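Just so you know, all these numbers are worked out from the coordinates, no wet-lab data involved. All values derive from a computational prediction rather than experimental measurement. Positions of Cβ are generated from backbone atoms using ideal geometry, with glycine treated the same way; all protein chains shown enter the neighbour counts.
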Amino acid sequence: MSDALLWLSFGGPEKPEDVRPFLENVTRGRGVPPERLDEVEQHYLGFGGVSPINALNRAAIEAVEAELARYGIDLPVYFGNRNWHPMAEDTLAEMSRDGVKAALVFPTSAYGGYSACRQYDEDIIRARDAVGAGAPELTKLRQFFDHPLFVSAFADAVREAAASLGEYRLVFTAHSVPVAADVAAGPPEEGGHRYSRQIAEASRLVAADLGIAEYDVVWQSRSGPPQVPWLEPDILDHLDDLHAKGVPAVLLCPIGFVSDHLEVVWDLDTEAKEKAAELGMGFARAIAPSGDPRFAELVVELIREHLADAPARKLSDLPAAGCTVNGAPCAAGCCERLRRG
Ligand SMILES: CC1=C(CCC(=O)O)c2cc3nc(cc4[nH]c(cc5[nH]c(cc1n2)c(C)c5CCC(=O)O)c(CCC(=O)O)c4C)C(CCC(=O)O)=C3C
Ligand SMILES: [Fe+2]
């Protein structure tokens, strides 16, 4: 039995004064150098201190509410974040006051790995600890990187973006993570790299839908201290490589994300677009799926699948992971947080 849905996301600032405290929340204890924070603060301030992420989440929630109503599923939807208001712990307290006993959780990330999956489990634990005895039971829905609706929404977004280009190279991008974090992604017996393997698989599925055989998978939004290795190549370096090979235009597909939040509008639509212009390359970017009707359908399908204990509808052979109760890991040692120092 579930009596609510908690939409659990990353959070983002909604005015200039929010930016610094938001960034402090994101990076607390993560060893991100202050110079990097100053730089990222400027990206946010360049957009008036407002990240698009909260508005995109609110719009997606409205679409999901309509889709739930269409199926006659009576689950009120609550919105809470890891790093900014509404904070998950405040939302969970409200849910508890409203009498919610057990809720499903939709995390706004399709993937495994520490940042993309396990950290949302930690958010669930933190929120339940803050509420204390009698906190609602929280069951997180599974990863959906290989769901046919996720794949087809991205494929159509690529088709739409391609209309503005002639010959182009399709380049998938996802948030980089420390190489050690990717090595630790997944249960130890799986051999690691669950995050980068899922990104590669989602990219392969989208390219297959499009009938495109040649494409690249690269990384964006690298953070952390420079001496720590992160997944590479970075999108900006990759544009230089493609230019050197005579590629006339690029189409970037932000496969690692669900919405066009600041990491997309800054790193891709601003930095990468400017770099492509400097190199004289054509540029287009596929929109992320959060506003596509298929995204609301996908969320409700995951809920119905869970409630009916039905088999997972998925396109890859990689395991369907991420569905656990009260922040438990998928398996012992799965996607553990890196130790520092
Ligand atoms: C895998 C992954 C996803 C995808 C999965 C998911 O979507 O959850 C993601 C999403 C996002 N990342 C975001 C923003 C930021 N990420 C940062 C820093 C970091 N991200 C990391 C990983 C990821 N991040 C990591 C390993 C770090 C280093 C610090 C640490 O070890 O935790 C920083 C700190 C400053 C800096 O960039 O250095 C910011 C501001 C926003 C919100 C954008 C907005 O405001 O619109 C979103 C959706
Ligand atoms: Fe991030």
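Put simply, when 251-263, 161-173 are sorted by average Cβ atoms within 10 angstrom per residue, most first, you get 251-263, 161-173. Where both bridge residues fall in the chain, DSSP classifies roughly 10% of the beta bridges as antiparallel. Treating the Cα atoms of region 148-289 as identical point scatterers in vacuum, please give the log10 of the normalised Debye intensity I(q)/I(0) at q = 0.10, 0.15, 0.16, 0.17 Å⁻¹, two decimals. Each listed q maps to, in turn, -0.32, -0.73, -0.83, -0.93.
Note on the chain: helix-only mean residue ellipticity at 222 nm, from DSSP H runs of 4+ residues weighted -39500 (n - 2.57) and normalised by residue number, equals -12500 deg cm²/dmol.
The value for the chain of Rg(Cα) / (2.2 N^0.38 Å) is 0.97. Rounded to the nearest 10 degrees, the inclination of helix 119-131 to the longest alpha-carbon principal axis of the chain is 30 degrees.
Peptides 266-273, 196-203, 132-139 ordered by packing proxy, namely the average of other Cβ atoms within 10 Å per residue, highest first: 196-203, 266-273, 132-139. Among 96-109, 140-153, the peptide with the highest mean count of other Cβ atoms within 10 Å heads the list, and the full ranking is 140-153, 96-109.
Computed from backbone phi, the HN-Hα couplings of region 134-141 come to x, 4, x, 6, 10, 10, 7, 6 Hz, rounded to whole numbers (Karplus: 6.51 cos²θ - 1.76 cosθ + 1.60, θ = phi - 60°; Gly and Pro given as x). Close Lys pairs in the chain, defined as Cα atoms under 27 Å apart and 8 or more places apart or on different chains, number 5. In region 211-293, inverting the average of 1/r over every pair of distinct C-alpha atoms gives 13.7 Å as the Kirkwood radius. Across region 299-308, coupling constants 3J(HN,Hα) worked out from phi with the 6.51/-1.76/1.60 Karplus curve, θ = phi - 60°, read 4, 5, 5, 4, 5, 5, 4, 5, 5, 8 Hz, and Gly and Pro carry x.
For the chain, the relative contact order is 25 percent, taking Cα pairs closer than 8 Å that sit 6 or more residues apart in sequence and dividing their mean separation by the residue count.
Sequentially through region 231-242, phi angles give Karplus couplings (6.51, -1.76, 1.60; θ = phi - 60°) of 4, 9, x, 6, 3, 5, 5, 5, 4, 4, 4, 5 Hz, Gly and Pro residues having no value and appearing as x.
Axis of helix 148-162 versus longest Cα principal axis of the chain: the two differ by about 30°, to the nearest ten degrees.
Residues LYS275, LYS15 in ascending order of nearby Cβ atoms (within 10 Å, fewest first): LYS15, LYS275.
Within the P(r) computed for region 17-99, what percentage of the Cα pairs occupies the region above 17 Å? Please report the intermediate quantities before stating the final value.
Values: 2065 of 3403 pairs.
Roughly 61 percent, rounded to a whole number.
Contact order, relative form, for region 148-289: 37 percent (alpha carbon pairs under 8 Å, 6 or more residues apart, mean separation divided by residue count). Annotation for ASP38 and GLU189: the two label points, set 7 Å from Cα along the Cα-Cβ direction, are 5.0 nm apart.
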